[in-house]
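A short write-up of the structure that comes next.
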Amino acid sequence: MTGELLQGYLPDPFIEFEVPESWKIQKRQGKVRDILDKGDAQLALITTDRKSAFDRVLGSVPCTGEVNNRISAFWFTVFNKEGFRNHMISAPDPNVMIVRKAAEPLGVEVVVRGYITGETSTALWRLYAQGARNIYGHEFREGYRKGDRLDEPVITPTTKADVGHDERLTCQEVVDRGLAAPDVWNQVQTSALSMFKKAQDIALARGLVLMDTKMEFGLDGNGEPMVIDELFTGDSSRYVLASTYQQKVESGQELDHMDKEFLRLNYRKATGYRGDGEAPPIPDLLIAQTADRYIRLHDMLTGTAFQMSRERPQERIEQNLIPWIYPH
C-alpha cells in the first residue's frame, strides 16, 4: 500500500506513554523513547511514534515506533545467536523492549559507514564534497560520487550531545578524551564493524542496501561492552532499495530511501526548514509516505507482514507490562 493510499488507514500516532500512578516508578523521556526504571537492573524502553531530526522532535509518524521496536528485536535476536552481547531481555509488547541496564553507557556514538552519503554537518558526503579528504581521522581517496560504496567500512564516532549538535571525533580522540578505555574501544570497534558487515549481507539478500548506521554501547556488570539502545532500525540507519541503487547513483538521482532519511529530505523540500526556530508540522502526505517506507522496510527485513493494529497502545502496553512491574 502506497503512502497516498495509507492516508485514510493510519491509526492515531502513539506519542507518549503515561505511567499509571499506582506503579510508582521513574520515567525519563528521550526524543523517541519513554524509559521506565523501577530501580533494579532492568529498564523498559517504550518506542513511540515521535520523529526527531535537525536535533529536535518534528512530530509523529504512526506505526514507526512499533516498526522500530520490532526491527531492533529482530536484529538483537540475530546477533545474540552470533555471540554478540546486547541488552535485550524480551519484547513483551510491539512497542516495548525489556533490557538490561548498562552499568556504564559509553559517551560516544559509534557511527559505522559503508557508503559516502548524507547532507548533515557530520555526514561524509557533505565534508567530502567540500574538499576534505582526511575526515574523522580516515584518509579518503579521490573520485567518490555521492552514494558510492567505500572501499572498506569505517567508524566515524561522535559525541552524544544532549543539546545541540554532536561533535565529530577520531577513534584516537575517543580514547584520549576518556570516553572509552583502549581495550574496550578496540572491542567496540571490532564488534561494530563485524555486525555491520553481517547486517549488510542479510539486508542485501532481502533487497536492501545498508549504507550506514549509528550504534550505542555500554558496559555490563562485568565491564564487558554490549550493544544498547536500538539496532539497525530505520531511525538509526540508512537503507535504500538495492534494485534501483546502481542506476540512481550513476544518474546522480536521490536514492530510494526506506528510512528516516526519506522523511528528512522531503520535509526539508516541503517546508524549507533547516533547523532554526520552530519546526513546521510534517505534511500529512509525507507522514503517510514515511509510514509506508518504514512498514515496507519491516516486511523486507523480517520476512513477515506488518499487521496494523487499531487498539490503543496505552492500554495494551499497561497490560503487557504488568508482569514486569509486579513480578511473582
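For Ile98, state whether it is more than 18 Å from the chain's Cα centre (by Cα) and either modelled with pLDDT of 95 or more or of a type in the set (A, V, I, L, M, F, W, C) (or both). For Ile98, the condition - more than 18 Å from the chain's Cα centre (by Cα) and either modelled with pLDDT of 95 or more or of a type in the set (A, V, I, L, M, F, W, C) (or both) - is not met. Buried (at least 17 other Cβ atoms within 10 Å of the Cβ) and either under 30 Å from Ala270 (Cα atoms) or of a type in the set (A, V, I, L, M) (or both), is that true of Asn69? Answer is yes for this residue. Restricting attention to the range 109-145, the residues being of a type in the set (Lys, Arg) and either closer than 23 Å to Arg274 by Cα or touching a residue at least 60 places away in the same chain (Cβ under 8 Å) (or both) number 3. The number of residues in the range 13-54 that are under 23 Å from the mean Cα position of the chain (by Cα), touching a residue at least 24 places away in the same chain (Cβ under 8 Å) and assigned to a loop (DSSP other than H, G, I, E, B) comes to 10.
Matching residues to (1) among the aliphatic types (A, V, I, L, M); (2) at pLDDT below 95; (3) surrounded by 14 or more Cβ atoms within 10 Å (Cβ to Cβ); (4) assigned to a helix (DSSP H, G or I):
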position	(1), (2), (3), (4)
Tyr273	no, yes, yes, no
Arg293	no, no, yes, yes
Arg296	no, no, yes, yes
Gln307	no, yes, no, no
Pro327	no, yes, no, no
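Among the residues making up the range 1-12, a single one is of a type in the set (Gly, Ala, Ser) and either modelled with pLDDT of 95 or more or assigned to a loop (DSSP other than H, G, I, E, B) (or both): Gly8.
Screening Met215 on (1) part of a strand (DSSP E or B); (2) over 26 Å from Glu139 (Cβ atoms) shows it passes everything except condition (2). Among the residues making up the range 121-158, a single one is buried (at least 18 other Cβ atoms within 10 Å of the Cβ), out of contact with any Cys (no Cβ under 7 Å at 6 or more places or on another chain) and either charged (D, E, K, R) or over 23 Å from Val240 (Cβ atoms) (or both): Lys146.
The values are calculated or read from the model by the stated rules, or taken from the named source; none is laboratory data. Quantities reported herein were computed from a predicted structural model and do not represent experimental measurements. Glycine also receives a Cβ, built like all others from the backbone with ideal geometry; neighbour counts cover every protein chain displayed.
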